[in-house]
Every structure is written in C-alpha cells, then in structure tokens.
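Enquirer: Mind looking over this structure? Questions follow.
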Amino acid sequence: MVLDNLGSSLRSTMDTLRGKSRLDEEDVQEIVKEIQRSLLQADVEVGLVMDLSSNIEERALNEEPPGGTSARDHILKIVYEEMIEVVGESTELPLESQTIMLSGLQGSGKTTTAAKIAWWFSKKGLRPAVIQTDTFRPGSYQQAKQMAENAEVQFYGDPDAEDPVKIARDGLEATEDADVHIVDTAGRHALETELIDEIEEIEETVDPDRNLLVLDAAIGQGAKEQAREFDDAIGVDGVTITKLDGTAKGGGALTAVNETDSSIAFLGTGETVQDIERFEPDGFISRLLG
Ligand code: GDP
C-alpha cells in the first residue's frame, strides 16, 4: 500500500477511519488539516499547500470510493495521487553521453553534488568528468578537486583563472574523452544580478542537456523565488535536494518542481561522494507527510 510510512499524527487520524466505508465532512476536514500541518512543517510553500489541500478535500468529498475500498484507503489514495501530480517521477537521466550543469546558491551543496553525481554515473559504467567553474568562493577549486578524487573521476579546474566561462570552455575540451560532463558553477549568498548574468553566460557556452538546480533541504519558503529566478535565467530541468540527512524534510523541492514544472533528480544524504540517491517519489512523499 502506498504511504505506509505516514507520520504518527496523520496516521492516527487516518486510523480513526478504520471500519468506515464513507468519509463525512468532519473526517475530511480533520485529515486535510493534518496534511496542511505536515506540509507546512516540511517547508512546502503556503500557496501550494492550500492548492493541494483544497484538491484533496474536494475529491475526498465528491468521489465515491470504488466498491470494496475503505474510506481510509480511499483518502490515502487521493492524497498520494495529488502529491504525485506535483512531484512527478524522477528526472529522466539516460545512461549516455550528456552534459549536466549545476546551479544554486552558495552553500547549497553544488560542489559536493557535482562529485556525487559523477560518482553515481561512474557506478553505472560511464566515464564522468567534473568541471569546476567557481572562481568566486575561496577554496572551491581544492574542495572540488578533492571530491573528484574521492569519487575517482576526471576533474578540470583552474585555480588561477578568473573567467568562469573560459574555464567551462577549456574544461569541456580538456575532458573530451569523458562521456558525462558535470559543470559546477559559482553561487552567491543571495540571488544577485551578477550571479544570474554569469550563469546565463556559462549556460550558453556549455549548452547543457540538463540544468539541475541544487537546493538545500533547509531552504524553507525561499524555494519558490529561487527556483523562479534560476528557471527564468537558464531553465530548470531538475532539482537536487541536499542535506536530507539533517532534520529538514525538504519540502522546498516540492515547491521548486511545482514552480518550474520540472522534477527531482537526486537526493543528497550526507557529505561523502557516495551519499546520493536517485529520487524516488513514494519515500519522499511519506517523508513530507511524516
Ligand atoms: P556549494 O557552495 O553549493 O558548492 O556547496 P558545498 O558543496 O561546498 O556544500 C556546502 C556544505 O554542505 C559543505 O560543508 C558540504 O559538506 C555540505 N553538504 C553538501 N551536501 C550535503 C548533504 O547531502 N548532507 C550533509 N550533511 N552535508 C552536505
């Protein structure tokens, strides 16, 4: 059954429906309230929470449970379907030659994620290369190089160069024999015109097959604006949400995919290159509702 790992509060509300074959308005409102509370606690954007919960409420009140389905299973199915409608399946990542560009704010976990994704592709039998274009954050070159070493993948960067666009161009050339190119870009503390201009230029040069936005699970309500800005600048094809090993539930990812009409590609679950998982909707939805 889907949504087996619901949080205790929602589960006990659902459990009060056991034995019932129909939902009354009070039941539905109670459950919708619980769902709203869980999603807001998980940092899903307020407007999205309202949309989701009103869809769930309307369907739960108007749709007849199919014969033999209990009220509890009926509403669980509706909740799951409405959540899946937003979150979708994981971003398609064919196991073939491609260029992936990572963007996001400073500290979101881009450099770590670049090495993780490279490691992931190498385990699938491809030859990835990480290209580090961050000339802004001190230490980013060393960190990226070290992580690429940990992942045992090719690496290109230039600690003395100042022009990230040139590094990107040179990096693609220097790693021609790799089949998956992962281009890491500079972040800033906040969305600044300078960052957006730079990322647009790198994007034009790199011409990636996939633009992945890297978001910290603790991003909170800021996910919407961030996702919008990056989407307007370069188009977001997928989201990677990092630091899911912490306490944050990562509802910002739901907000971001809804805002950019994209999907989630990977989840980051720790600081080492192996701490990456391909996104899988069921577990993530349960986590948000937990
Ligand atoms: P960047 O500025 O976007 O390149 O971010 P970094 O890759 O340097 O990551 C910022 C910090 O977050 C570093 O200390 C990373 O070790 C840490 N970090 C990145 N991803 C994860 C993750 O999934 N879990 C945890 N616990 N830490 C992470």
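Enquirer: Relative contact order for the stretch 195-244: what percent, with Cα pairs under 8 Å and sequence separation of 6 or more?
Expert: 51
Enquirer: Return the loop-located GluC sites (Glu not before Pro) in the stretch 95-204 (DSSP other than H, G, I, E, B) with at most 12 other Cβ atoms within 10 Å of their own Cβ; answer none if there are none.
Expert: Filter output for the stretch 95-204: Glu96, Glu152, Glu162, Glu176, Glu192.
Enquirer: Hey, quick one: spin label on Glu30, modelled 7 Å out along Cα-Cβ, who in the stretch 58-77 has an amide N within reach, i.e. under 15 Å?
Expert: Residues 71-73, 75-76 qualify, since their backbone N sits under 15 Å from the label point.
Enquirer: Please give the per residue accessible area of the chain, computed with a probe of 1.4 Å over protein heavy atoms only, in Å².
Expert: Result: 44 Å² of accessible area for each residue.
Enquirer: Please work out the Cα center distance from the stretch 153-228 to the stretch 74-142, rounded to the nearest Å.
Expert: Their Cα centres are 12 Å away from one another.
Enquirer: Give me the percent of accessible area attributable to carbon and sulfur for the stretch 168-290, probe 1.4 angstrom.
Expert: Reported share for carbon and sulfur atoms: 39 percent.
Enquirer: Which value, in Å³ per residue, describes the convex hull spanned by the Cα atoms of the chain?
Expert: So the per-residue Cα hull volume is 119 Å³.
Enquirer: Using a 1.4 Å probe on the protein chains only, how many percent of the accessible area of the stretch 1-148 belongs to carbon and sulfur?
Expert: Of the solvent-accessible surface of the stretch 1-148, carbon and sulfur hold 44 percent.
Enquirer: List the lysines whose Cα sits under 21 Å from the Cα of Lys123, skipping any in the same chain fewer than 8 residues away.
Expert: Hits, sequence-local ones excluded: Lys110, Lys145.
Enquirer: Please list the equivalent ellipsoid semi-axes of the stretch 93-248, computed as the square roots of five times the alpha-carbon gyration tensor eigenvalues, in descending order and whole angstrom.
Expert: Rounded to whole Å, the semi-axes are 22, 18, 15.
The values are calculated or read from the model by the stated rules, or taken from the named source; none is laboratory data. Only a predicted model underlies this, so the values are computations on that prediction, with no experimental measurement involved. Here the Cβ is made from the backbone with ideal geometry for all residues, glycine too, and neighbour counts use every protein chain on show. Side chains included, ligands, DNA and RNA excluded: accessible areas come from the protein's heavy atoms. Shrake-Rupley method; radii C 1.70, N 1.55, O 1.52, S 1.80 Å.
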